[in-house]
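The structure appears below as structure tokens.
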Amino acid sequence: MNSYLARHIWPDTAHIIHNRLAIGGCDVSALADRYATPLYLLDEATLRTTMRSYQDAFSAAYYVNHGIHYASKALLNTALTQIIVEEGLGLDVVSGTELLVARRAGMPMDRIHFHGNAKTRAELERALDWGVGAIVVDSLDELAQLAQLSAERAKPQNILLRIAPDIAARTHAHIATGSADSKFGLPLTALEHAVARIQDAPGLRLQGLHAHIGSQIFALDQFCATIDVLLDQAVHLRNCFGVIIDEISPGGGLGVPYVADMPPADISAYAAILGQALRDGCAARNFPPPRLTVEPGRSIIARAGVALYRIVATRSPAKPSLPGHLHIDGGMADNIRPALYGARYTALIANRANAPADAVWIIAGRYCETGDILIRDVALPQAAPGDIVAIPVVGAYTLSMSSNYNLTPRPALILVRDGNAQIIQRRESEDEVLARDQQL
Ligand code: LLP
């Protein structure tokens, strides 16, 4: 590994060989030539290692039953789900179509949690028909509808109740979800009512309690606080209703570094602190230790992904004190995160990866919007049209949030491993972009 690559933000297999970036044993500039740009790469080794780290860390930290449910909103397709199945993880889905992909990939339905604050009736029926492991109920109205839809079924449907734990996560406001007035989850004051409703519903079985306080969180104590709120509620429900909660889920949310000066994602520390909070919390409350499920999305997939763009044009600085621009052939339609959350990224010129970084550049996307800037300030070598820009840590919430803005087709996704590259989601064609378009 060349010292120029900060290990904690690049895939495990990233190397610089003869001045060129290679990932998964493939020269990425050659992949860009072969498959065109923008192009997203997924490093299979990093992905599998990270999933195993999660399994190992939680087995070591919490000897009671646990489940790792990958949050599919971060990125989902059939091939990726097949890998998730092989690695023994479960899935958190939030739409009927995500559930369909899970089924196509052979994910056992009992390993799926179905989330969402506004699931449609058709989606709930699909989840019931296909027998998902648990439906995570977000509101009293959803509960009423589920009670009705499940009433005539042979087997009761397991549900988790998602609560809003009233914890303001230290993260970007757009991705904080734990406050009392969040759009997600039942207010604590509605919990008793919900449990009473479940007890009257023969088709429903209360399996557990869930809370998700937000995403890109580094303060691990906030996850412990979430576990404490969930356990307090579990004890309260035992005292009021005699129900025993046998699953607790503090959601997902572990933060990851996007640039070299951020700390690495410490999955072991995360697992250790959650395991301890749950064990100690149960002992202190004399409560039987429940199953622990977590729903990591970003911390599983982000670092496995690298985006490749071709430089289309350069623009010299407007004043000597300002950076110049590199105009690339992608941007906010494939990665909305800088525009939406002010997310920071870094980059490398993949075909001259060891050249001295003696210029400062702004990396500007191709879309007709001033805010379409992927990186505001990055030290890179002198660069020219035709060069390939590689941006790491783009596996999560990029392609899954991509659009056809300016009617551009969405990029391909390639899985790389041991020198082989396989398309797992092909580039969208212009015909597909126009498929819904009708003449008068
Ligand atoms: N569980 C639930 C109920 C969630 O809503 C989410 C993420 C997760 C788990 C996974 O969280 P993670 O481990 O990935 O942090 N688009 C934003 C992130 C939105 C997160 C939505 N929910 C971004 O690009 O930063």
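Taking the conditions exactly as written (touching a Phe, Trp or Tyr at 6+ places or on another chain (Cβ under 7 Å), basic (Lys, Arg) and assigned by TED's automatic domain parsing to the domain that holds Ala307), does Arg344 satisfy them or not?
Judged against the criteria, Arg344 is a match.
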Seminar exercise, completed: Of the conditions (1) within 22 Å of Gly185 (Cβ to Cβ); (2) more than 16 Å from the ligand (Cβ to nearest atom), the single one that Ala283 does not satisfy is (1)
Exercise. Filter segment 63-88 for residues that are buried (at least 21 other Cβ atoms within 10 Å of the Cβ) and assigned to a loop (DSSP other than H, G, I, E, B); which is farthest from the chain's Cα centre (by Cα)?
Worked result: Leu76
Problem set entry | Which numbered condition Ala277 misses (of (1) hydrophobic (A, V, I, L, M, F, W, C); (2) touching an Asp or Glu at 6+ places or on another chain (Cβ under 9 Å); (3) away from the ligand (no atom under 16 Å from the Cβ); (4) not assigned by TED's automatic domain parsing to the domain that holds Arg170) | (4)
For this session: Scan segment 94-134 for residues that are β-branched (Val, Ile, Thr) and more than 19 Å from Arg291 (Cβ to Cβ) and jot them down.
Result: Val94, Thr97, Val101, Thr120
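Going residue by residue through segment 373-381, is there one that turns out to be within 20 Å of the chain's Cα centre (by Cα), within 16 Å of the ligand (Cβ to nearest atom), closer than 24 Å to Ala30 by Cα and touching a residue at least 12 places away in the same chain (Cβ under 8 Å)?
Checked segment 373-381: at least one residue is within 20 Å of the chain's Cα centre (by Cα), within 16 Å of the ligand (Cβ to nearest atom), closer than 24 Å to Ala30 by Cα and touching a residue at least 12 places away in the same chain (Cβ under 8 Å).
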For this session: Write out, first by first residue and then by second, each pair whose Cβ atoms fall under 6 Å of each other, whose residues are 6+ apart or on separate chains, and whose first residue, in segment 281-307, is in a strand (DSSP E or B) while the second is among the polar types (S, T, N, Q).
Result: Arg291/Asn65; Thr293/Ser249
Exercise. Does Ala180 qualify as being buried (at least 17 other Cβ atoms within 10 Å of the Cβ) and either assigned by TED's automatic domain parsing to the domain that holds Ile245 or modelled with pLDDT of 85 or more (or both)?
Worked result: no
Exercise. Tally time: how many residues in segment 142-172 are in contact (Cβ under 8 Å) with a residue 60 or more places away in the chain, farther than 25 Å from Val256 by Cα and assigned to a loop (DSSP other than H, G, I, E, B)?
Worked result: 0
Exercise. If only one of Phe241, Phe218, Phe223 is among the aromatic types (Phe, Trp, Tyr), surrounded by fewer than 20 Cβ atoms within 10 Å (Cβ to Cβ) and within 13 Å of the ligand (Cβ to nearest atom), which one is it?
Worked result: Phe218
Problem set entry | Selected residue (criterion: farthest from the ligand (Cβ to nearest atom)) from residues of segment 244-270 that are among the hydrophobic types (A, V, I, L, M, F, W, C) and assigned to a loop (DSSP other than H, G, I, E, B) | Ile244
For this session: Would you mind stating whether Ala313 is in a helix (DSSP H, G or I), among the aliphatic types (A, V, I, L, M) and surrounded by fewer than 24 Cβ atoms within 10 Å (Cβ to Cβ)?
Result: no
For this session: Quickly run through segment 175-215 and pick out the residues that are of a type in the set (A, V, I, L, M) and within 16 Å of the ligand (Cβ to nearest atom).
Result: Ile175, Ala176, Leu186, Leu209, Ala211, Ile213
Exercise. If you go through segment 312-344 one residue at a time, how many are farther than 20 Å from Arg410 by Cβ and more than 28 Å from the chain's Cα centre (by Cα)?
Worked result: 14
Seminar exercise, completed: Screening Gly395, Gly331, Gly365, Gly342 for residues that are crowded, with 19+ Cβ neighbours inside 10 Å and on the phi > 0 side of the Ramachandran plot leaves only Gly331
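Confirm whether Thr408 is modelled with pLDDT of 95 or more, within 16 Å of the ligand (Cβ to nearest atom) and either of a type outside the set (S, T, N, Q) or surrounded by 14 or more Cβ atoms within 10 Å (Cβ to Cβ) (or both).
So Thr408 fails the test.
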For this session: Would you be able to tell me the number of residues in segment 345-362 that are more than 21 Å from His8 (Cβ to Cβ) and buried (at least 19 other Cβ atoms within 10 Å of the Cβ)?
Result: 3
Seminar exercise, completed: Of the residues in segment 322-355, those that are away from the ligand (no atom under 16 Å from the Cβ) and either of a type in the set (Lys, Arg) or touching a residue at least 60 places away in the same chain (Cβ under 8 Å) (or both) number 12
Exercise. Does segment 19-37 include one or more residues that are of a type in the set (Val, Ile, Thr), buried (at least 17 other Cβ atoms within 10 Å of the Cβ), outside the structural domain of Ala390 (by TED's automatic domain parsing) and in a helix (DSSP H, G or I)?
Worked result: no
For this session: Starting from residues that are surrounded by fewer than 20 Cβ atoms within 10 Å (Cβ to Cβ) and within 12 Å of the ligand (Cβ to nearest atom), keep the ones in segment 162-174 and report whichever is nearest to Asp92 (Cα to Cα).
Result: His174
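The values are calculated or read from the model by the stated rules, or taken from the named source; none is laboratory data. Because the structure is predicted, anything quoted here is derived from the model rather than measured. We place every Cβ from the backbone using ideal geometry, glycine too, and count neighbours over all the protein chains shown.
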